[in-house]
Structures are given as C-alpha cells and as structure tokens.
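**Q** Okay, here's the structure, questions in a sec.
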C-alpha cells in the first residue's frame, strides 16, 4: 500500500427519513471490468475490503448491465442514473465524454458530460438539499464524469504522467490540493514492484501464457521505474493505480469536508486497474487473480481510513462494475459451443458501403462500431430508401460470416419477446430514437473481432454483462440475493434509502428485498 497516499415508470416518493437517520455520506464504488465470478472464485482468499463488503453487505449475485454495448461509458452512465443508455444518450465510448473542452492541465482533448441526458442521484440529492456536494475520481475521464452526470461538482481523472486534472466544465484551474497530490504521488510509487501477494501455489493459473500481453512481458514480477516521471507514465499498467485513486479520494474527502452532514454528500470512486490488467492479460490469468486480491486490500485500507475520518454508522456504500470481460477465444475452445472464433465483420460493412457507392452516395456515411451499423443520413446522397437497402445488404452478408450468431435490423428487435430474448432486449435498451443504429451484429459467445489482440468486452453476452451489485451499511439487510437485477436498479434503491425522489422516470426499480 501507499501509506500516506493513502420497464420505465415514474418513481414513487419515498417516506421521509428523520435527520438523525439519514446517512451523511454515500460512497459509490465502480470497479472497471469486475466480473461477478471473480468474487465467487477468490472469496476465500480475501482479507480486506471485499471480504468486509461480502460478509456484511447485501450481495446480488445475478446483477447485469442489461444493455448491449458493454463498454465503460455506457456502464458508468447507467449506474447512478437508474436509466439505460437509450435514456442517458451515452451509447458507446467513442460517443461518451470526449469533446472539444480544454483540459485545465495535462494532456488530452478534453472531456465533459455534454452528451449525457437527464439526471443522476447526485442531482436528486441536490434538489432535496442544495448543500449536497460530490467528489468523483478515477483514472479514466468517463469513469469520473458519468457517475454524477451533468452535475458541476468536483471531478478529477488522470490526464498524463503524474497529472490528475479536470475540464473547464467544472472549473478554470486546479485546486491547490490536487496540485499538491500531483507533485507528491510519483515519488511515492517510483521503484515499486508488482510481485505475487501470496505463494505461487495459491494461484492455479499458469504464469507463462504467451497470448497474454501480446506475447511480451507476461511473467512476474513487474517493476515500476525508479524515476518518478517514468513510473507515473507506467502506472496505468500496474495495480498500484487503484491505491493512488483511493488516496486521491480520501484526500478530497478531507479537503472538501464531505460526509460531515447534515446533508448527504457523494463520494464516487471508479477503480480502473482491473480493466487495464484484464485487457492486457485476460480473465484467466494469474495477473488478474493477483490484481483482485490487491483490489481487496486496497478497498480494505480505503475503508479503514474512511471509518477513521467519518462515523461508520453515517456512511452507506454501493459497489458494482461497468462491465465484465470475455476470455481469449484461443483459451476457450471447450468452454463454449460452438467453439469461439475470431470474426471478420469487414465484408458486411463493405456490402453496406457498396450499396451507397453504386448510388453515388458518400460511402463513409456507413460505419460499424461496437456491434452496430451506424448510418449518417445527412451525408451527400444518402436517402431513407438507400439507408434501408444498405442495412439490408449488411444483414444478409453478416448472417453468412463465420462466428456470427445473428444479424438483424434494429427496428425489428422490439418484435421479439424481450423477457426471454436477452439479446434483443439489451439492444432495444441501447439506443435512443435519434441515434442512427440501422442494424446489429452479434457474434457467438466467446468470439472476438479479428481486430483485437487484447482481451475484450463490449458484447451482449453474459461474460461482458454479468457484474456484482452490492449494498453495505445500516439500512441494508446482509445476505446473498440470487434474483435477476440490473445496474439501473441501484440508483432508485439508494434514493429510497436516502429519502429523495428521482426527478424523472427511471428504468430501474427499488430492490426492496435488500432494505431493512
């Protein structure tokens, strides 16, 4: 550890809580790329925060990001809003928080919640009590921004070596406490070594798996440079990133005075290391196993420090993930039927563009991203009839491709039984009416696009959508809950406990089984 660093229905009005009963602080933890089964497989080795939350919390074991494009931006946008991407407008990473807003400091093109539609739990709390304040931190800009939506609160993310920053959506300069933190932490991580927490015999996964990390640098141990500047640049590849993020959150909590009451404040923390390690090494790796053990200890140290700063009884927590991850197809031949493959979707896109080309229209109007055929109807020569013809050609070609489970016009999906057809349901809950998704393509479970050499997520199947949902604190009944729930159910459940009313209709419902 780093020591000192360290179905849409209107929402009903909940019964008001007495001031003494109302939590002073909500801590909302999102672990990027945390599969639910990680908590099941390695629970016996947990000694820290995950153990504490699992032992004393309300744990929903059948939780899902119940939308089709299971990427970081849509996942983070749904958890504290209680709404699917079709309602938040955040449908994929490339149309998430990126915009032309300049960073206050650091590198990058800028980021903001400008595309986010509607409100979040932070807005509902502020509407009930304008004194409510929030702090949201993450390595990723979308992981920090989207949990609290458009709220102009305190939001910080990593924008280059040694630099946590924000954008002009939130302010014109970095506060002194962020500058001090940026100056300090690179020196504290320099030279740290990532070695196994437990004896090698505690890890059933082999260490030498050449498909991991692109076939280079896939053996323990891994060391950060002794140079602070170089170590800061290397940090995103190491579990220590979560420790730095937790330390920033605690520093902000104290500096801003969150959780002192009488209002309820929000501390949102998105831990990104599991995603970065998971992409590089995959969900079957020794590295991800050790990363989850380290996450357990990081959250444990975080909670220990938090409860020294704030009364345990005044804090409630929620924990979930923005998505899961699918194993490398080459390591999963016996795990799925049919065996997974690398899928080349290029012929389907070319078929759609060929229809446009023959009609003299702009072929770049058609694009394929995250399983969806998107067509810009405003491009030169692109008519409604031409869009339909291009989409039909895409679907017909896609259905003949090896590794494609189904391909369908987007407008036809709602005709399926959405209670039993999870593929159709998740796509229907993905896009708002004004987003031009004309057709969708779904690969077989376990399959990847040929373009990816890293472990991937983003698909509609359960490997990518099954995530933990956990509540912890005095208002919740500890236990394991096996019923099917969605991440959009988290926000209305927390609103009920906090005694606030959502200011718009939600897709989620209150999980009353977990509330005392």
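The values are calculated or read from the model by the stated rules, or taken from the named source; none is laboratory data. Only a predicted model underlies this, so the values are computations on that prediction, with no experimental measurement involved. Cβ atoms come from the backbone with ideal geometry, glycine included; neighbour counts cover every protein chain shown.
**Q** Might you check whether a residue that is surrounded by 23 or more Cβ atoms within 10 Å (Cβ to Cβ), farther than 23 Å from residue 194 by Cβ, touching a strand residue (DSSP E or B) at 6+ places or on another chain (Cβ under 6 Å) and not assigned by TED's automatic domain parsing to the domain that holds residue 405 occurs anywhere in the range 305-316?
**A** Our first condition is that a residue be surrounded by 23 or more Cβ atoms within 10 Å (Cβ to Cβ); within the range 305-316, this holds for none.
Taking every residue of the range 305-316 in turn, none turns out to be surrounded by 23 or more Cβ atoms within 10 Å (Cβ to Cβ), farther than 23 Å from residue 194 by Cβ, touching a strand residue (DSSP E or B) at 6+ places or on another chain (Cβ under 6 Å) and not assigned by TED's automatic domain parsing to the domain that holds residue 405.
**Q** Which of the residues spanning the range 454-476 are part of a helix (DSSP H, G or I) and crowded, with 22+ Cβ neighbours inside 10 Å?
**A** Answer for the range 454-476, where residues must be part of a helix (DSSP H, G or I) and crowded, with 22+ Cβ neighbours inside 10 Å: 463, 464, 465.
**Q** In the range 61-76, which residue that is farther than 24 Å from residue 481 by Cα and assigned to a helix (DSSP H, G or I) is nearest to the chain's Cα centre (by Cα)?
**A** Here the answer is 72.
**Q** Tell me which residues, restricted to the range 363-378, are more than 31 Å from the chain's Cα centre (by Cα) and surrounded by 15 or more Cβ atoms within 10 Å (Cβ to Cβ). Give the steps one after another, and end with the answer.
**A** As a first pass, look at the range 363-378 and keep what is more than 31 Å from the chain's Cα centre (by Cα): 363, 378.
Within the range 363-378, just 363 meets the criteria.
**Q** Among the listed residues 482, 436, identify the single one that is over 26 Å from residue 37 (Cα atoms) and in contact with a strand residue (DSSP E or B) (Cβ under 7 Å, 6 or more places away or on another chain).
**A** Going through 482, 436 in turn, just one is over 26 Å from residue 37 (Cα atoms) and in contact with a strand residue (DSSP E or B) (Cβ under 7 Å, 6 or more places away or on another chain): 436.
**Q** Next up: Which of the residues spanning the range 425-453 are within 28 Å of residue 331 (Cα to Cα) and surrounded by 17 or more Cβ atoms within 10 Å (Cβ to Cβ)?
**A** 426, 427, 440, 441, 442, 443, 444, 445, 446, 447, 448, 449 - these are the residues of the range 425-453 that are within 28 Å of residue 331 (Cα to Cα) and surrounded by 17 or more Cβ atoms within 10 Å (Cβ to Cβ).
**Q** Still on this structure, please answer the following. Go through the range 140-153 residue by residue and tally those that are touching a strand residue (DSSP E or B) at 6+ places or on another chain (Cβ under 6 Å) and surrounded by fewer than 23 Cβ atoms within 10 Å (Cβ to Cβ).
**A** 1
**Q** Regarding residue 81, is this residue out of contact with any strand residue (DSSP E or B) (no Cβ under 6 Å at 6 or more places or on another chain), assigned to a loop (DSSP other than H, G, I, E, B) and buried (at least 21 other Cβ atoms within 10 Å of the Cβ)?
**A** yes
**Q** Mind checking which residues of the range 340-349 are in contact with a helix residue (DSSP H, G or I) (Cβ under 8 Å, 6 or more places away or on another chain) and either within 11 Å of residue 403 (Cβ to Cβ) or surrounded by fewer than 16 Cβ atoms within 10 Å (Cβ to Cβ) (or both)? Full working, then the answer.
**A** Of the range 340-349, the ones in contact with a helix residue (DSSP H, G or I) (Cβ under 8 Å, 6 or more places away or on another chain) are 340-342, 345, 347-349.
340, 341, 342, 345, 347 - these are the residues of the range 340-349 that are in contact with a helix residue (DSSP H, G or I) (Cβ under 8 Å, 6 or more places away or on another chain) and either within 11 Å of residue 403 (Cβ to Cβ) or surrounded by fewer than 16 Cβ atoms within 10 Å (Cβ to Cβ) (or both).
**Q** Let me ask another. Output the residues belonging to the range 352-362 that are surrounded by fewer than 20 Cβ atoms within 10 Å (Cβ to Cβ) and part of a helix (DSSP H, G or I).
**A** 354, 357, 358
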